[in-house]
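The values are calculated or read from the model by the stated rules, or taken from the named source; none is laboratory data. Keep in mind it's a predicted model, so treat the numbers as computed, not measured. Note that each Cβ is placed from the backbone with ideal geometry, even for glycine, and that neighbours are counted across all protein chains shown. Accessible surface is based on the protein model in full, side chains and every heavy atom, while ligands, DNA and RNA are left aside. Shrake-Rupley method; radii C 1.70, N 1.55, O 1.52, S 1.80 Å.
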Amino acid sequence: MVNFTDEKHLLIDLKDGSFQAFERLYNMYSGKLYNFIMRLSSGNQYMAEEVVQSTFIRIWEVREKVDTNASFISFLCTIAKNLLMNMYQRQTVEYVYNEYLLKSSVDRDSQTEENIDLHFLNDYIDSLAEELPAQRKKVFILSKRQNYTNKEIAEMMGISESTVATQLSLAVKFMREQLMKHYDKVIALLIAFFVNEM
């Protein structure tokens, strides 16, 4: 069982930006959170891994707002449940859109334009990855491009899972910041893909 006093000290350090505290909290709670999401998602391992990863990325992003007097595991579970619901909603939207494409006559030229838009967006993300430090870049590519789990990446690179999670969280944060700088361009590409035929 987690000692509340130790947890509180770690949360205080986390609020101050301590990577070590973040990694210790990840080690303490990622397994419990994974099992929690596995139950909610009826044993969907992919979703559980994605939600755990995204939850800790979110924790790092909002670390300054963490309540050191409240239950941290409850906070984690609340974030995780919301992320899981968002994933289900996104899957539903994608399913409806794919059904629309299957049932409608989409012209070959517009399909080509859509593929170009997605290709451009992927190329842009790849170019951002080139700006990351070497280890962070490798973690990002293995996770987001080659779909390895944090555990697999840790074993391949000879580092801890918590280090993988930390590096991935920093990579994603960098990507988000850069994408937001070019928000209008990115949104235009996404609109071209999703709305062109509707």
(request) Would you please give the FRET efficiency between K65 and Q20, computed as 1/(1 + (r/R0)^6) with r the Cβ-Cβ distance and R0 = 30 Å, to the nearest 0.05? (result) 0.90
(request) Could you compute the FRET efficiency for N147 and S127, with r as their C-beta to C-beta distance and R0 at 25 Å, rounded to 0.05? (result) 0.75
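Using 0.36 nm per residue, how much length does the chain from Q135 to K32 gain when fully extended, once their Cα-Cα distance is taken away? Walk me through the numbers before you get to the answer.
Working: separation 103, 0.36 × 103 = 37.08 nm, distance 2.73 nm.
Residue separation times 0.36 nm, minus the Cα-Cα distance, leaves 34.3 nm.
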(request) Please work out how much length the chain gains when fully extended from Q178 to M156, using 0.36 nm per residue of separation minus the C-alpha to C-alpha distance, in nm with one decimal. (result) 5.1 nm
(request) Give me the distance in nm between label points sitting 7 Å out from Cα along the Cα-to-Cβ direction at R58 and S74, one decimal. (result) 1.7
(message) Give me the percent relative contact order of the range 4-85, please, defined on Cα pairs under 8 angstrom at least 6 residues apart.
(response) 35
(request) Express in Å², to the nearest 10, the accessible area of S74 obtained by rolling a 1.4 Å probe over the protein heavy atoms while all chains stay in place. (result) 60
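Largest first, what is the accessible-area ranking of E7, E155, E161 with a 1.4 Å probe?
Working: E7 15, E155 130, E161 80 Å².
Greatest to least solvent exposure: E155, E161, E7.
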